[in-house]
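The values are calculated or read from the model by the stated rules, or taken from the named source; none is laboratory data. Just so it is clear, the model here is predicted, and its values are computed rather than measured. Positions of Cβ are generated from backbone atoms using ideal geometry, with glycine treated the same way; all protein chains shown enter the neighbour counts. Please note that ligands, DNA and RNA were not included when accessible areas were found on the heavy atoms of the full protein model with its side chains. Shrake-Rupley method; radii C 1.70, N 1.55, O 1.52, S 1.80 Å.
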Amino acid sequence: MTPTQQDISREINALSEEYRRVGETRHHPARDYPPYRSSALRHPQRPPVAVHDPEAVELTGPVFGATDVTALDADLTRGGTGEPLGERMTVTGRILDRDGRPVRGQLVEVWQANAAGRYAHQLDQHPAPLDPHFTGAGRCLTDDRGTYRFTTIRPGAYPWRNHTNAWRPAHIHFSLFGSAFTQRLVTQMYFPGDPLFAYDPILQSVTDAAARARLVAAYDHDLTTPEHALGYRWDIVLDGPAATWIEEGR
């Protein structure tokens with residue numbers, strides 16, 4: 001028998017309600033959130049390792065300097081000799097601290113699926129077409145106002161086998177680095193009105209409704225470029241009561 005949407009919803013809701021029953025409404029979900037099944041295998045189960053020589057960690061980490069990032073790195077549509085397929089977008093926003101002050105000069109990285117819902121990664125074997133003209137990854141530095149800006153393509157939904165007929169809503173992954181590579185935060189940006197929100201355990205793991213809503217970008221018609229790209233704005237708040245949800249365990 002083919003499962004219905006009601007069956008899928010009941011399966012997710014039953015697991016979510018059990019989680020809520022034994023816990024409380026949380027801004028950040030537990031690292032082992034049962035409806036997100038792979039979290040049981042991926043979340044840290046041992047105490048953090050104390051770093052006694054932070055400089056040694058930096059020396060063995062990736063090398064990064066401001067001169068290494070160019071304006072082209074923020075345009076995910078310039079990865080080939082032709083135009084990528086899909087809905088072109090400008091995504092911009094500000095990185096702010098808890099008091100609304102801009103966080104300047106921060107490295108922001110993004111990665112995402114293409115318009116068909118497939119990542120340009122060897123482990124993604126979803127039978128959807130790859131786009132040779134779409135890189136799927138970009139980076140930039142925030143300016144003096146804490147602003148980042150990317151040109152990209154709206155990603156497609158994709159199956160992920162977490163539960164019956166599981167599909168992830170369209171989303172873009174964001175990674176933010178602090179003053180060191182050991183200071184990294186990872187989160188996801190979603191698009192307004194996606195019908196898959198109710199069926200996505202990752203998004204639903206944020207049980208606080210206001211915090212969940214802050215993960216959804218806002219369409220901005222003033223940012224939209226005529227005959228070129230739609231505009232979306234999405235701010236990221238690093239801490240405090242209005243903080244953006246961060247993927248723990250990264």
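Observations, loosely collected:
- Taken along the Cα-to-beta-carbon direction at a fixed 7 Å, the label points for residue 213 and residue 161 span 3.7 nm.
- Other-chain or far-sequence residues with amide H under 5 Å of residue 153's (modelled H): 89
- Surface accessible to a 1.4 Å probe, residue 177 within the full protein complex, Å²: 30 Å²
- Net length available on complete extension from residue 85 to residue 42 is 12.1 nm, with 0.36 nm assigned per residue and the Cα-Cα distance removed.
- Segment 181-250, accessible area per residue, ligands and nucleic acids excluded (1.4 Å, Å²): 47 Å²
- Added length on full extension, which subtracts the Cα-Cα distance from 0.36 nm per residue, residue 122 to residue 141: 4.1 nm
- Gyration tensor (alpha-carbon) shape descriptor, segment 169-250, a/c threshold 1.5: oblate
- In Å², nearest 10: area of residue 247 left accessible to a 1.4 Å probe: 20 Å²
- Here segment 125-218 is assigned +1 on the Cβ of each Lys and Arg and -1 on the Cβ of each Asp and Glu. Its dipole about the Cα centre then comes out at about 80 debye.
- Accessible area of residue 158 (1.4 Å probe, protein heavy atoms only, ligands and nucleic acids ignored): about 30 Å².
- Exposure ranking of 233, 78, 139 by accessible area [1.4 Å probe, largest first]: 78, 233, 139
- Accessible surface, 1.4 Å probe, highest first, among residues 171, 43: 43, 171
- Approximating the spin labels as points 7 Å out from Cα along Cα→Cβ, the residue 71-to-residue 227 distance works out to 2.2 nm.
- Candidate residues 81, 92, 147, 135: accessible-area rank, largest first, probe 1.4 Å: 81, 135, 147, 92
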